[in-house]
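Just so you know, all these numbers are worked out from the coordinates, no wet-lab data involved. Bear in mind the structure is a predicted one, so any value in this text is a computation, not a measurement. Glycine gets a Cβ as well: all are built from the backbone with ideal geometry, and neighbour counts include every protein chain shown.
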Amino acid sequence: MKREDLLKTLMTLAAKRFERDLAELQPSDDFFAKLGIDSFQAMELMTDLEDEFDVEVPDYELQGVTTFDGLADVLERRL
């Protein structure tokens, strides 16, 4: 999967789950701030992403990840 497709899918899922406008999201955005979510909600998003991409991402790989680009990096390593 191309990086741009991965990011688009990732941000589309995030926008849908947290009822945000996809057009307002950018890859460099801090998803906690932009989506107004906490760490528990971020883990719910990760569950959605793991299901969508059929991967399993260990929690330790997500430490310090706060941007959509960062999430894409983690997912790319697992695909």
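Structure data summary
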read-out	value
Inter-probe distance in nm under a simple model that places probes 7 Å from Cα toward Cβ, at residue 69 and residue 55	1.7 nm
Where labels lie 7 Å past Cα in the beta-carbon direction, separation of residue 19 and residue 48 in nm	1.3 nm
Computed FRET value (nearest 0.05) for residue 28 with residue 62, which takes r as the C-beta separation and R₀ as 22 Å	0.80
Neighbour cut-off at most 10 other Cβ (10 Å), DSSP loop, trypsin sites (Lys or Arg not before Pro), the chain	2
Reduced Cα scattering model of the chain, Debye log10 I(q)/I(0), q = 0.12 Å⁻¹	-0.27
